[in-house]
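Undergrad: Sharing a structure here in structure tokens format.
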Amino acid sequence: MSQDAPTASPSLAERMHEHIAEASAFTPTRALDAVRDAHETVQVPAARFADAARWLRDHAGFTRFIDLTCVDDPERPVEAGGRFEVQLVVYSMKEQRWARLKTRTTEVMPSVTPLFAGAHNFEREVFDLFGVRFDGHPRLTRIMMPDGWQGHPLRRDAPSSIEPSDFTI
């Protein structure tokens, strides 16, 4: 009697690819991009970011929002998707596993706040510090910098200002 070898279940990227054709498993191309935390990572175009997040929530069971952040790489060409890499991290309570959704954008992408209420202030922070605008966000205003502040301080091409600090007060 022969036993068939168990077949591996399809990856998250393969399952998402059936609904979002542009979805692909993230494969690091540079040492800086290597993922060390073992979160399964799916990469999608910025225009499909909210659709992919909705699919993760509604079809894959990743209902808990954990984090949304941004990394700026001003030397990355627009043809490679843009200088800003936005990452969403979610968690599945049922399967007890993490997932990461990545995209690259020049400056504008859809908001995931309508899907995950916890993303509200995270998107405001990314907007304030990097200048990435989230279409569909209910109140995209500065959250950390003063209202009159010019620019976005975490952009790598932002001028670093030297301001005297008095640590004795």
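Undergrad: Across the range 41-60, what is the total count of residues that are under 15 Å from S111 (Cβ atoms) and either in contact (Cβ under 8 Å) with a residue 60 or more places away in the chain or among the hydroxyl-bearing types (S, T, Y) (or both)?
TA: So the answer is 6.
Undergrad: Kindly indicate the residue of the range 98-146 that is assigned to a helix (DSSP H, G or I) and acidic (D, E) and also surrounded by the most Cβ atoms within 10 Å (Cβ to Cβ) among those meeting that condition.
TA: Step one: of the range 98-146, the residues assigned to a helix (DSSP H, G or I) are 117-130.
Remaining after also requiring acidic (D, E): 123, 125, 128.
Working: E123: 26, E125: 17, D128: 20.
Only one residue fits best here, namely E123.
Undergrad: Which of the residues belonging to the range 28-80 are of a type in the set (G, A, S) and at pLDDT below 95? Even if it seems obvious, please write down each step before you answer.
TA: As a first pass, look at the range 28-80 and keep what is of a type in the set (G, A, S): 31, 34, 38, 46-47, 50, 52-53, 60-61, 80.
Within the range 28-80, A31, A34, A38, A80 qualify.
Undergrad: All but one of (1) more than 16 Å from R156 (Cβ to Cβ); (2) in contact (Cβ under 8 Å) with a residue 24 or more places away in the chain hold for H120, so report the exception by its number.
TA: Every listed condition holds for H120 apart from (2).
Undergrad: To continue, here is another question. Among residues belonging to the range 63-96 that are open to solvent by less than 50 Å² (accessible area, probe 1.4 Å) and within 16 Å of H152 (Cα to Cα), point out the one that is nearest to the chain's Cα centre (by Cα).
TA: Within the range 63-96, the match that is nearest to the chain's Cα centre (by Cα) is V86.
Undergrad: Select from the range 53-83 the residues that are of a type in the set (D, E, K, R), within 21 Å of H120 (Cβ to Cβ) and part of a helix (DSSP H, G or I) and list them in ascending order. First the steps, then the outcome.
TA: First, the residues of the range 53-83 that are of a type in the set (D, E, K, R): 54, 57-58, 64, 67, 72-73, 75-76, 79, 83.
So of that shortlist, the ones also within 21 Å of H120 (Cβ to Cβ) come out as 54, 57-58, 64, 67.
Selection gives R54, R57, D58.
Undergrad: Of the numbered conditions (1) without any contact (Cβ under 8 Å) to a residue 60 or more places away in the chain; (2) surrounded by 17 or more Cβ atoms within 10 Å (Cβ to Cβ); (3) more than 22 Å from A47 (Cα to Cα); (4) touching a strand residue (DSSP E or B) at 6+ places or on another chain (Cβ under 7 Å), H152 satisfies every one except a single condition; which is it?
TA: Of the numbered conditions (1) without any contact (Cβ under 8 Å) to a residue 60 or more places away in the chain; (2) surrounded by 17 or more Cβ atoms within 10 Å (Cβ to Cβ); (3) more than 22 Å from A47 (Cα to Cα); (4) touching a strand residue (DSSP E or B) at 6+ places or on another chain (Cβ under 7 Å), the odd one out for H152 is (4).
The values are calculated or read from the model by the stated rules, or taken from the named source; none is laboratory data. Only a predicted model underlies this, so the values are computations on that prediction, with no experimental measurement involved. Note that each Cβ is placed from the backbone with ideal geometry, even for glycine, and that neighbours are counted across all protein chains shown. The area values use the complete protein model at the heavy-atom level, side chains included, leaving out ligands, DNA and RNA. Shrake-Rupley method; radii C 1.70, N 1.55, O 1.52, S 1.80 Å.
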